[in-house]
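See structure below.
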Amino acid sequence: MKKTSILFTTMVLATIFYFSCSYRFNFDYDKMKDRVEKIKIISVERAIIEVSWNSTLKEIDYKVLKTLDGDEMDKLLFDLSKINYIRGHPLYRRIRGLNLKIYYKDSNYGFINHNTWLTFNERNITVGGTNVTSDEEVFFDLVSDFIDCSSNCSVAYYFDYFKMIRDVERIEIINIDGADVTVLEVLDNDRGTLLSRLEKVRFTRFVGGTWNDNPQGLTIKIYHRNSDYSFINHNTSTRFNKDNEFVSGFQILYPEEDFKAFIYRFCLQTFRSCGGAVDLPIVSG
């Protein structure tokens, strides 16, 4: 009984600390306009890059989607200032996927995305930043408006473990064949294992285009805490509410055989049969 009381008290204090250390934050348009020289919209191609305070940022692999200065840069900064961020929590120090690379007039540079704001000096050492988080889709839509889709319509995309683990109640690995759905495996308490591996998979996300609302083949079905459910596979990321109405979705692409290999490897390494799905050639790696 005493241990239960202590645990309850600890959880209450942690909750209070969580909310007391987080507050709404918006980038200051006037300050940013005075400080920023130019902005590059970039897609970070390499796997997740973790950044620590006072660390040296190693060279990163990215492609430039567009370079902004002048009025167009001012427009982006103004639109960015309208995004509501939460500052202080959770702790993200990552540069991946769609980012803004900010070049400041004092020769520093930085990165901003939906959950990262970091600044580096000329020697690539971290000199500033804070923990921020916002709606990923709002950030993506804002930045996408400045990309010329006639030449650059795809970016690197990684699913966010920290965002998903708080929102996901249960996961099923399923196979969809036309209208027939076979449940191969159900993940409850160990769903985090799959999500932690999924966030390391580099998908390609397309700007604009249509989403696939009829997923087929090997698929991850996610049950959210608000009763929504979603599907993720090699070419699908769609979400529906409890009434089976479409909520959101976007077009992604990952080689189908590689996605199957990802699922099979998870099943093998966690000693799951996944409905016999792993009775196929052993996947190396």
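The values are calculated or read from the model by the stated rules, or taken from the named source; none is laboratory data. No experiment lies behind these values; they were computed from the predicted model shown. Here Cβ is always computed from backbone atoms with ideal geometry, including for glycine, and neighbour counts include all displayed protein chains.
For region 166-185, which residues satisfy the criterion of being β-branched (Val, Ile, Thr) and either modelled with pLDDT under 90 or surrounded by 15 or more Cβ atoms within 10 Å (Cβ to Cβ) (or both)?
We begin by selecting, within region 166-185, every residue β-branched (Val, Ile, Thr); these are 168, 171, 173-174, 176, 181-183.
Hits for region 166-185 are Val168, Ile171, Ile173, Ile174, Ile176.
Any idea how many residues of region 175-196 are under 24 Å from the mean Cα position of the chain (by Cα) and more than 19 Å from Leu268 (Cβ to Cβ)? Step through it out loud before you land on a result.
Initially, region 175-196 is screened for residues under 24 Å from the mean Cα position of the chain (by Cα), giving 186-196.
Pick out the ones that are also more than 19 Å from Leu268 (Cβ to Cβ) and you get 188-189.
Counting residues in region 175-196 that are under 24 Å from the mean Cα position of the chain (by Cα) and more than 19 Å from Leu268 (Cβ to Cβ) gives 2.
Answer yes if at least one residue in region 235-242 is within 22 Å of Arg96 (Cα to Cα), among the small types (Gly, Ala, Ser) and either surrounded by 12 or more Cβ atoms within 10 Å (Cβ to Cβ) or in the same structural domain as Ile95 (by TED's automatic domain parsing) (or both), and no otherwise.
Yes.
In this structure, is Ser144 hydroxyl-bearing (Ser, Thr, Tyr) and in contact with a His (Cβ under 6 Å, 6 or more places away or on another chain)? Outline the logic, then answer.
Numbers: hydroxyl-bearing (Ser, Thr, Tyr): yes; in contact with a His (Cβ under 6 Å, 6 or more places away or on another chain): no.
No.
Among the residues of region 183-235, which ones are closer than 19 Å to Arg166 by Cα and among the hydroxyl-bearing types (Ser, Thr, Tyr)? Walk me through it before giving the result.
Of the residues in region 183-235, the ones closer than 19 Å to Arg166 by Cα are 186-200, 220-232.
Listed by number, the residues that qualify are Thr193, Ser196, Tyr223, Ser227, Tyr229, Ser230.
The rows are residues; the columns are (1) at pLDDT 90 or above; (2) over 30 Å from Asn233 (Cβ atoms).
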residue: Leu65; (1), (2): yes, no
residue: Asp69; (1), (2): yes, yes
residue: Glu122; (1), (2): yes, yes
residue: Asn131; (1), (2): no, yes
residue: Asp148; (1), (2): no, no
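When both residues are 6+ apart or on different chains and their Cβ atoms are under 7 Å apart, which pairs have a first residue that lies in region 21-43 and is under 26 Å from Ser154 (Cα atoms) and in the same structural domain as Asp74 (by TED's automatic domain parsing), and a second that is small (Gly, Ala, Ser) and at pLDDT below 95?
Ser43/Gly97; Ser43/Ala156
Can you pull out every residue in region 169-186 that is under 27 Å from Asp135 (Cβ atoms) and touching a helix residue (DSSP H, G or I) at 6+ places or on another chain (Cβ under 6 Å)?
Ile171
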